[in-house]
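Trainee: Okay, here's the structure, questions in a sec.
No value in this document is a laboratory result; all are computed from the given coordinates. Since we're looking at a predicted model, the values are computed, not measured. Every residue, glycine among them, receives a Cβ derived from its backbone with ideal geometry; neighbour counts consider all protein chains shown.
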Amino acid sequence: SQRAPDVPTANQASVMHQTKFDLNRLQDRANQYLCKTSDDGWLAGGGNAPSSFVLPHIDSAHMEFVHPGSIRSSLAPTSEVQPDTASYLVKPALITGAPLGMLIERVRAKVAFDQIRVVPTMGQFTDTQEYQLRFNPNDQNNQAANPTMLDVYNKLVNEFLDVQVLDMSDPFHVSMCRETKFCTNRSRNEFLDRNSKLTIQPWSRWSSDTAKQGGYLGTLLNDQIPQYRDKAGGFFLFVTRNRPLIYFAPKVRGQHATGSLAYYCEWRQDGNVIEFANPLGGLVSETLVEIPPHVSAQDFIDQEPVLKRLSSGLCEDYSYQDMPSTEWTPPWSKAMSRHGRDGRIASASRHPRSPTGGSVAQWGWGL
């Protein structure tokens with residue numbers, strides 16, 4: 001993600017996580033070629049300001065690797081990921097995720113990696129008309145383009161194979177906008193062609209030129225951001241697409257080290273430590289708080305009030321409303337059933353907690 005102070009319709013509450021690629025070069029904010037997008041508008045390049053004609057939100061650009069599922073878990077009895085299921089009426093049979101503390105602990109203990117360097121490879125539309133900037137493992141000549149990123153992807157997939165809902169489909173892209181519609185096929189093709197020739201191909205040539213990248217293939221995204229300078233080339237654990245929560249940085253020895261380093265991404269806005277950014281609020285500042293190697297991830301979560309509240313709010317204290325199981329009745333019928341004919345409130349049975357209860361908040365790793 002990035003903050004774009006020179007773009008009037010970008011949301012200035014966005015948080016800067018990369019400085020190498022100005023994604024606004026790919027976004028048709030003036031509708032020169034596009035007729036419309038979904039109400040979410042442009043997802044990258046600073047997101048959408050309250051003054052834009054789409055829903056305001058901060059920049060949510062990210063390159064997804066995998067979804068490890070929810071932190072409110074149903075379990076396979078054989079899985080080593082064992083959150084507390086004491087509150088369940090019926091013990092679940094299938095796993096749906098892993099606790100936040102366990103996700104952090106396993107990554108920092110077992111996933112060692114070299115600094116992630118990236119090369120943009122192409123822009124494309126999906127079958128659902130989502131425009132993406134791709135960072136494919138191989139370029140169009142089938143030569144390796146993003147080997148360090150692919151290495152981290154494979155290690156995360158292999159580490160969490162016991163998480164049965166592990167979603168590893170369609171990684172390595174940044175979603176720019178969705179439900180795009182063009183006035184003509186000609187304008188659509190021109191949009192793709194201009195983005196490719198004027199921006200993506202030059203980006204690709206520059207970032208894959210080892211002479212310009214200090215002898216490496218690919219560029220680091222965050223080495224020019226002060227709080228990331230000495231820990232650049234890592235990846236995030238996201239709560240939602242616009243809230244990276246934990247940053248994992250490579251150790252000095254990279255893939256030859258033991259595990260990685262973990263940091264809590266503390267956000268402050270309008271004088272307060274926050275869980276999520278308010279797209280109508282002021283600037284968001286980010287501080288990386290180290291999770292000390294000698295402190296368990298769960299103990300660290302318990303010591304950080306906002307992090308603990310966020311974790312529990314998406315887990316023990318939160319669940320989605322069940323779908324209805326009875327036929328809808330008019331309001332007067334409901335009033336009669338509640339108050340009875342003499343006006344007294346009738347008793348109602350309390351619904352037991354769903355045996356699969358809890359949140360299905362989708363956590364995910366990415367850049």
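Trainee: Strictly greater than 14 Å: what percent of every Cα pair in the range 197-244 meets that?
Mentor: Percent of Cα pairs beyond 14 Å in the range 197-244: 65.
Trainee: Classify the range 112-192 from the C-alpha gyration tensor, please: rounded if a/c falls under 1.5, else prolate or oblate depending on whether a/b exceeds b/c.
Mentor: It comes out oblate by the Cα gyration axes.
Trainee: Now, a different point. For Ala30 paired with Gln201, estimate the spin-label separation in nm (one decimal), with each label point 7 Å from Cα along the Cα-to-Cβ line.
Mentor: In this crude spin-label approximation the distance works out to 2.3 nm.
Trainee: Let me ask something additional. Take each of the peptides 180-189, 276-285, 217-226, average the number of other beta-carbon atoms within 10 Å over its residues, and list them starting from the highest.
Mentor: Per-residue Cβ counts within 10 Å, averaged per peptide and sorted highest first, yield 217-226, 276-285, 180-189.
Trainee: Between Leu161 and Thr126, what FRET efficiency follows from the Cβ-Cβ distance if R0 is 30 Å, with the result rounded to 0.05?
Mentor: 0.65
Trainee: Stretched out fully, how many nm does the piece from His294 to Gln143 gain, at 0.36 nm a residue minus the Cα gap?
Mentor: 50.2 nm
Trainee: At 7 Å along Cα-to-Cβ for each site, give me the label-to-label distance between Leu283 and Thr326 in nm.
Mentor: Taking the two extended label points, one gets 5.4 nm.
Trainee: While we're looking at this one, here's another question. To the nearest 0.05, what FRET efficiency results for Gln255 and Asp230 with a Förster distance of 22 Å applied to their C-beta separation?
Mentor: Efficiency at R0 = 22 Å is approximately 0.75.
Trainee: Shifting gears a bit: Give the shape of the range 177-320 as rounded, prolate or oblate, defined through the alpha-carbon gyration tensor: a ≥ b ≥ c are the square roots of its eigenvalues, a/c under 1.5 means rounded, and otherwise the shape is prolate if a/b is larger than b/c and oblate if not.
Mentor: Here the range 177-320 falls in the oblate category.
Trainee: Just need the Rg to Rh number for the range 136-251, please, alpha carbons only, Kirkwood Rh.
Mentor: 1.00
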